[in-house]
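Just below is one structure, and these are the notes that go with it.
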Amino acid sequence: MFRWPDEGLARVPFRVYNDPQIAEAEQKLLFQGETWNLVCLDLEVAEPGQYRTNWIGETPVIVVRDPVADRIRVFVNRCVHRGSMLCLERHGKAENFTCMYHNWVYSLDGKLQSIAFKRGVRGQGGMPADFDITKHGLRELRVDTIRNLVFATFSDQLPPVAEWFGPRMVWSLERFFHKPIRLIGGYTQVLPNNWKLYAENVRDSYHASLLHTFFATFGLNRLSMDGAVEVNEAGGSHLSWSKMATDDAEGTDYASGGLRSMRDLAIEDRRLLKTWPEFPDGITHMIQTLFPNVFLQQIQNTLAVRLLVPRGLDRCDLQWWVFAYEDDTPEQLRMRLMQSNLVGPAGLVSLEDGFIGNAVQRTTRGDQGHGAIVEMGGHGVGTERQSRVSEAAVRGFWQQWRGLMGL
């Protein structure tokens, strides 16, 4: 019987990263339960018939713009006949969806339109006369959008997206998407670890300038800057932000030169560090998480949305959408593209995140009776406006996760 440690949110049992029964329960209670799940950006399904496939947990879905109703619909990507995946392409434009297995055809509103050899051949074989084609459409999910983000849920009970995430999270989304955007890149990164290890990592403001050499050495993001960690009421979503211009490292570990992350690193081409003030609030580094598996980033002038998709117990895919604003000048676009070298699988400030999850996964697999200590900044999940030397957002993630999982 699994039992959470008596220390509560200040401990995370290693078993949650390694137990197949917990991973199986997450699919039903989390991803198919009471959560809103990002499925794509609205730009990807802007035109009638345009579609994008993706995953909610381990469930494949199709996102499509219904040309008749002019609305975005999301269906489970599975033929009702024998369960074959219906659409294999990542994106495209369609007039209908036809199953490759037995040629069952669905309209873009999910209705079953036709069945190959429905009446057999020359009156022999085929479907029974009482088979009602109108009762066998694709499984459709609820859809809601906020700014450029398209979410879907299996739940009939959840409040709208904006209400579910709360006003402070909505404020940040409006800041990210305050004017029209355009996509300038995208890729999928394979992470060799349980998805929750990366979900923790992104909420962990304590590690950023300790693990990431580039952050600390060149002062892009330090704990000595003005900043905060803000956690929403449910606990699982958060903001972490800092202002580069306010850095005051005097009297800190940065000034003493003793940090591992501040040794033996130099840069030849400093154009990579050239930036401009992106927002009037002075924030130069902003990480937002949306429970359970969505992340938004502003690192200087690189802007991106990330989605984490579980792929079994010890692997996950991290999808990236890198975007700019439509009214960027050519020089601003050039600088964004240059700074894109900071992020992604080989990014100068993010490559370590692709490794550190596996470093935890490997050591915890054989010792599930122990757990991690998560006490930096105390034991609670409240907002930290005075210091980002805190794991409050990590504790917040586990608070919401435990509530939904009943653990």
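The values are calculated or read from the model by the stated rules, or taken from the named source; none is laboratory data. For clarity, every value in this text was computed on a predicted model and none was experimentally measured. Neighbour counts run over all protein chains shown; Cβ positions are idealised from the backbone, glycine included. Just the protein is used for accessible areas: all its heavy atoms, side chains included, with ligands, DNA and RNA removed. Shrake-Rupley method; radii C 1.70, N 1.55, O 1.52, S 1.80 Å.
If you average 1/r over every pair of different alpha-carbon atoms in the stretch 150-258 and take one over that average, what Kirkwood value in Å do you get?
After inverting the pairwise mean of 1/r, the radius is 17.1 Å.
Under a point spin-label approximation (7 Å from Cα along Cα-to-Cβ), what is the R402-E233 distance to one decimal in nm?
It works out to 2.1 nm between the two label points.
Give me the distance in nm between label points sitting 7 Å out from Cα along the Cα-to-Cβ direction at D328 and D281, one decimal.
2.1 nm
Using a basic spin-label model with each label point 7 Å from the Cα along Cα→Cβ, how many nm lie between Q21 and R182?
5.4 nm
Could you provide, to the nearest whole Å², the per residue accessible area of the chain with probe 1.4 Å?
45 Å²
Stokes-Einstein D for the chain at 37 °C, 0.692 mPa s, Kirkwood Rh over Cα pairs, in µm²/s?
Translational D for this selection: 143 µm²/s.
Tell me, what ³J(HN,Hα) does each residue in the stretch 244-253 have, in order and in whole Hz, if you take phi through Karplus 6.51 cos²θ - 1.76 cosθ + 1.60 with θ = phi - 60° and put x for Gly and Pro?
4, 5, 9, 4, 9, 8, 4, x, 10, 5
Per-residue ellipticity at 222 nm for the chain, helices alone: DSSP H runs ≥ 4 residues times -39500 (n - 2.57), over residue total, nearest 500 deg cm²/dmol?
-5500 deg cm²/dmol
To test your reading of the geometry: what angle, between 0 and 90 degrees and rounded to tens, separates the Cα axis of helix 392-405 from the longest principal axis of the chain?
30 degrees
When the convex hull of the C-alpha atoms of the stretch 170-318 is computed, what volume per residue in Å³ does it have?
Here the figure is 142 Å³ per residue.
If we sort 245-251, 350-356, 4-10, 296-302 on the protection proxy, mean other Cβ atoms within 10 Å, highest first, what's the order?
296-302, 350-356, 4-10, 245-251
Taking the Cα centroid of the stretch 328-407 and of the stretch 189-252, what is the distance between the two, rounded to the nearest whole Å?
7 Å
Can you check what the Kirkwood hydrodynamic radius comes to for the stretch 23-116, Cα pairs only, in Å to one decimal?
Here the Kirkwood hydrodynamic radius works out to 13.8 Å.
Relative to the first principal axis of the alpha-carbon coordinates of the chain, what is the inclination of helix 353-364, with its axis defined by its Cα atoms, in degrees from 0 to 90 and to the nearest 10?
Once rounded, the angle reads 90 degrees.
Calculate one ³J(HN,Hα) per residue across the stretch 154-161 by plugging θ = phi - 60° into the Karplus curve 6.51 cos²θ - 1.76 cosθ + 1.60, and present them in order as whole Hz with x for glycine and proline.
Those phi angles translate into 7, 7, 9, 9, 4, x, x, 3 Hz.
Nothing charged except the Cβ atoms of Lys and Arg (+1) and of Asp and Glu (-1): what's the magnitude of the dipole of the stretch 145-200 about its Cα centre? Round to the nearest 20 debye.
300 debye
So how tilted is helix 167-176 from the main axis of the chain? Cα-based, degrees 0 to 90, rounded to 10.
Taking the Cα atoms of the chain, the angle to 167-176 is about 90 degrees.
Can you tell me, using C-alpha contacts under 8 Å and at least 6 residues apart, the relative contact order of the chain as a whole percent?
Rounded, it is 21 percent for the chain.
Cα convex hull of the stretch 95-136: mean projected area in nm², to one decimal?
That works out to 3.3 nm², a quarter of the Cα hull's surface.
Carbon and sulfur: what percent of the chain's accessible surface (1.4 Å probe)?
Taking all protein chains in place, the chain shows 51 percent carbon and sulfur surface.
Scan around I184 for amide H atoms under 5 Å from its own, H built in the peptide plane at 1.01 Å from N, and keep only partners 5 or more places away or cross-chain.
V322, F323, A324
When a/c reaches 1.5 or more, the comparison of a/b and b/c decides; with that in mind, is the stretch 324-397 rounded, prolate or oblate per its Cα gyration tensor?
Cα axes put the stretch 324-397 in the oblate bin.
When we measure straight from the Cα of K93, which lysines land under 28 angstrom away, once same-chain ones fewer than 8 places off are left out?
The reachable lysines, counting only those whose Cα sits under 28 Å from K93, are K111, K118, K135, K179.
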